[in-house]
Amino acid sequence: MVELVKTILLSGYKSHELGIWDQKHPGIAVIKHALDQRFRAMIDDGLEWVIIGGQPGVELWGAEVVFSLKEVFPDLKLGVLTPFLEQEKNWKEERQDYYNSIIDRADFVDAVSKKPYIGPWQFKARDEFSLDNTDALLLIYDEEREGSPKFLKAAADQRAESGDYIVFSVSMYDLQMAAEDLQERERTDFY
């Protein structure tokens, strides 16, 4: 039996964890392509909401993919659940502008903690709240390359073991396949 996933939590590496320092990096197109393919398959199976925490990297790039897909699937929605108020406050201006461009277009935005940053427990509270209110997690993560997503993955895996949550992952191998698919498309578009 295929589980119905109406609401998915998207997360993964932050941009700096992937060595990506600007929006022109070619790796971003690969990540977006992989997410586009996953989301399209899930939309066909009933996906309605993609939820992110608003972190720079996979989450914000995934938001861009959702906006692009909304042109074809107008019922798809993006929710942003930040861990606390003003999470972007200390980011560089360019990153703040990018973040705000995502927030302005999201269908739903809220902070789990209604205060500015106090402590790391706010990230854990956001993760727990997000897991409580989604059907599945889609995580860009590689077990051999630890990073900040490991905590969310551990919490989601624990729920999946009890049978009431699904964890989907995009590995480095999946990203390599997406890169090769993009290269093939560019070659055929060229000729």
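Divided by 2.2 N^0.38 Å, where N counts the residues, the Cα radius of gyration of the stretch 41-191 comes to 1.13.
Geometric descriptor of the stretch 146-191, per residue, is 92 Å³ (volume of the convex hull of the Cα atoms).
As a length-normalised measure over Cα pairs under 8 Å and 6 or more apart, the relative contact order of the chain settles at 26 percent.
Putting +1 on Lys and Arg Cβ atoms and -1 on Asp and Glu Cβ atoms, find which of ILE43, PRO56, PRO26 reaches farthest to the positive end of the dipole of the stretch 1-153. The residue sitting most towards the positive pole is PRO56. One Cα centroid belongs to the stretch 154-191, the other to the stretch 77-108; the line between them spans 24 Å. Within the straight-line cut-off of under 23 Å between alpha carbons, the lysines reachable from LYS89 are LYS14, LYS114, LYS115, LYS124, sequence neighbours fewer than 8 places apart in one chain being disregarded. Each stretch of four or more DSSP H residues adds -39500 (n - 2.57); spread over every residue of the chain, this sum gives -15000 deg cm²/dmol at 222 nm. Projecting the Cα positions of PHE129, ALA154, ILE118 onto the charge dipole of the stretch 118-191 (unit charges on Cβ atoms of Lys, Arg, Asp and Glu, taken about the Cα centre) puts ILE118 furthest along the positive direction.
Of the peptides 8-18, 175-185, 37-47, 79-89, the ranking by mean beta-carbon count within 10 Å, highest at the top, reads 8-18, 79-89, 37-47, 175-185. Seen from all directions on average, the stretch 42-112 presents a Cα convex hull projection of 4.7 nm². Net charge dipole, the stretch 1-116: roughly 220 debye, given to the nearest 20, about the Cα centre with Cβ charges of +1 for Lys and Arg and -1 for Asp and Glu.
Throughout, read-outs are computed from the coordinates displayed, never taken from laboratory work. Everything numeric here is computed off the predicted structure, so don't read it as measured data. No Cβ is skipped: glycine too gets one built from the backbone with ideal geometry, and neighbour counts run over all protein chains shown.
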